[in-house]
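Reading through the structure tokens given below for one structure.
The values are calculated or read from the model by the stated rules, or taken from the named source; none is laboratory data. The model shown is predicted, which means the values in this text are computed figures rather than measured ones. Cβ coordinates were reconstructed from backbone atoms using ideal geometry, including for glycine residues, and neighbour counts include every protein chain displayed. Side chains are part of the model used for accessible areas, which takes the heavy atoms of the whole protein and leaves out ligands, DNA and RNA. Shrake-Rupley method; radii C 1.70, N 1.55, O 1.52, S 1.80 Å.
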Amino acid sequence: MMRILLCILVCFAASLATICVASAADSPDQYRLGERMYRDGLLSDGTALKGYVRGDLEADGTIFSCSNCHTRSGLGSVEGQVTSPQINGASLFKPRYLFKDQIKNTVSKSKGVIRKAPALRPAYTEETLAAVLRGGIDPTGRELAPVMPRYNLNDKDMRIMVEYLQNLSAVFSPGVTDTSLTFATIVTDDVSPEDRQAMLASLETLVTINQQTKTQRKQPQFAKMFRMLDTAFFRNISINTWELKGDPATWNAQLDAYYQKEPVFAILGGISNKPWQPIHDYCESRQIPCLFPITDLPVISNTGWYTYYASKGYFQEGETAARFLNSSIRDNAGKKVLQIVRSTPQGEALASGFASAWNENEAGRGTLATINLGKDQKLDTPALQQLLLQHTPDSVVIWSGDDTISALAGMPSQSNLPQIFVSSRYVGKTFAAIPERMRDKLFITYPFRLPEDEKKFKGYNEFLTLGKLKQPDKKRIATRTFSMIHIFLQGMKELKLDYYRDTLLDVIGMRPDQYLPDFERYSFGPGQRYASKGCYIVQLDQSQTPQLIKRSDWVLF
Ligand code: HEC
């Protein structure tokens, strides 16, 4: 496995790039206006930027912004047949060649005489750039492909746009020097020492591998062969641990103090049992990528850009239960569903996922009643019986913790039970206590691969030994951290020499589906921020140590 990893590193083909460092934008306000135009398609007066495709077909910039095609970092994208080129200042204001790599653009005419291949187009000037944006004609007189819209920008907005492009991805993001790449990870003080160790030890392998290549790259043979190779592994990686203590309301200030002390390029992993919100907000405001933190309480948002989550956590389990109910019960109309929710972040996240998916199917759904339990109010058998008598539901959804199974197990055998839904993560591993007679009534949301399927990833465990873990990885902390490292390394490979945070997020968004342990599938898409989108509904079989039986597909609609 180590060899494979090294191989991955060695295969990082990178090219030489000349970085043209533009001066920072004249005024931050101007820059913000440009950013809004580029990303959201809004002009300086707040109205929508209008583009024209194929002569007169109007394209609304708020739907089709520059960043949709050219990516947020301006480093371009390939979507099917359409290649949207790099349009950051460093590429527009210098001649464009066929290859980004200078060596490839240098052809040997005859022995000893080296000349450059002709440029595809000369460097843009402010005037020629305005002309290509308005009329679609580039400085060589070539008409751009019709997919690139033409924009009627007035002089003021054109100046803002040109200036924005000049400064876009012009200087490397913080945390990068010629010889080093600095990252951080985050641990909050509610995390147990074992869990903390599982995450940190796994993350440490990244540094270990990086140090191993340090010796290799000094070997003359290696250095000669890969003299152009300059990726993540040709800089020294260090990962600082940011420990967050006390009230989450103080985390922002703690994070800022760490960052001021030593800026980092990105946050790798991280772990907390508390809601991730304050860290998410910090990363958005500072524009720091945060890759796959270990949290079951992520922020659910369509607009967040900087944090990549493995899944929506509890919210996703709640969604799945509602979709299953919506789709599995025909004639759902008129059926009664009772939802019992403990007032904890877990219970509330499950309920909010349930509510969002329940409302998706207006036609088929029944009536929903919700009962809230206090944070420390125990759900026991008499309380449950009382609620069932009172509401006579056809299905009951219980979002409570480890009291759930004993409350259920205590139900008298003659009682006529409705369908029951619980969260495997929230109730914990106490399923064996469920009496056999009750198992066909119990539906469990299970957000991971099923155990028999997980066996396919046996080889992956070799990674774990790299992490020098003393204990087996019962909580999937090490495996999830290794999945993060895997995706991060792919991102760094695609980054080539472009050490811009937005580029890292852009290129991860363009990765194909990944087959890794824990989650059935990690899938990506531009701007999508939850990689694993599914969850199973399972039931227990009748054996002594109950096995899980799949009752749904991974993804339900
Ligand atoms: C629908 C996708 C799309 C959108 C939206 C879009 N572009 Fe383009 N753009 C392209 C494609 C494709 C090309 C390459 C066309 C060609 O070379 O024939 C291109 C080319 C360009 C070029 C010429 C690059 C060069 O090296 O000559 C510039 C400059 C440019 N776009 C800027 C912008 C700006 C600024 C916006 C937003 C105001 C924008 N584009 C919006 C797809 C798009």
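Quick rundown of the values:
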| item | result |
| --- | --- |
| Length-normalised contact order for the chain - Cα pairs under 8 Å, 6+ apart - percent | 13 percent |
| Helix axis angle, 251-261 relative to the chain longest principal axis, alpha carbon, degrees | 30 degrees |
| Burial ranking of peptide ranges 437-449, 156-168 (average Cβ count within 10 Å, highest at the top) | 156-168, 437-449 |
| Charge dipole magnitude, Cβ of K and R +1, D and E -1 - the chain, Cα centre, debye nearest 20 | 2080 debye |
| From phi via Karplus (6.51, -1.76, 1.60), per-residue ³J(HN,Hα) for the range 407-413 in Hz, x at Gly/Pro | 4, 5, 4, x, 5, x, 5 |
| Positive dipole terminus of the range 23-167, leading residue within Thr106, Gly135, Cys69 (C-beta point charges) | Thr106 |
| Helix axis angle, 28-40 relative to the chain longest principal axis, alpha carbon, degrees | 70 degrees |
| Packing-based ranking, highest mean first, of 265-277, 141-153 given that Cβ atoms within 10 Å are counted | 265-277, 141-153 |
| Ranked by how many other beta carbons lie within 10 Å on average, peptides 348-358, 310-320 from highest | 310-320, 348-358 |
| Under-5 Å amide H pairs with Val187, H placed in peptide plane, nonlocal only | Trp242, Glu243, Leu244, Ile271 |
| 18 Å Cα-Cα reach of Lys214 towards aspartates and glutamates, excluding residues that sit fewer than 8 places from it in its own chain | Asp178, Glu204, Asp230 |
| Computed [θ] at 222 nm, helices only, for the chain once each DSSP H run of length n ≥ 4 contributes -39500 (n - 2.57) | -10500 deg cm²/dmol |
| Heavy-atom accessible surface of the chain: percent carbon and sulfur, 1.4 Å | 54 percent |
| Accessible area (Å², 1.4 Å probe, nearest 10) - Asp56 | 120 Å² |
| Relative contact order (%) - criterion: Cα under 8 Å, at least six apart; region: the range 251-388 | 19 percent |
| Cα-based reach from Lys533 at 15 Å (exclusive), listing aspartates and glutamates while leaving out same-chain residues under 8 positions away | Asp296, Glu317, Glu319, Asp513, Asp518, Glu520, Asp553 |
| Under-27-angstrom lysine pairs by C-alpha in the range 23-167, whenever the two are 8 or more apart or on separate chains | 9 |
| Surrounding net charge for Lys245, when Lys and Arg each add one and Asp and Glu each subtract one, Cβ distance under 11 Å | -4 |
| Alpha-carbon centroids, the range 514-557 and the range 403-453: separation in whole Å | 18 Å |
| Accessible solvent surface per residue of the chain, calculated while the other protein chains remain in place, 1.4 angstrom probe, Å² | 47 Å² |
| His486, His70, ranked by accessible area, largest first (probe 1.4 Å) | His486, His70 |
| Amide H within-cut-off set for Val397, under 5 Å, with H built and near neighbours excluded | Leu338, Gln339, Ile340, Phe421 |
| Principal-axis tilt of helix 193-216 within the chain, Cα atoms, nearest 10 degrees | 30 degrees |
| Mean separation of Cα contacts under 8 Å (6+ apart) over length of the range 23-167, as relative contact order % | 25 percent |
| Partner aspartates and glutamates for Lys375 [C-alpha distance under 17 Å; skip if fewer than 8 residues away on the same chain] | Glu348, Asp402, Asp403 |
| Listed residues Gly410, Ala369, Ala266: farthest to the positive end of the dipole of the chain (Cβ charges) | Ala266 |
| Computed magnitude of the charge dipole of the range 23-167 (debye, nearest 20; Cβ of K, R +1, Cβ of D, E -1) | 1020 debye |
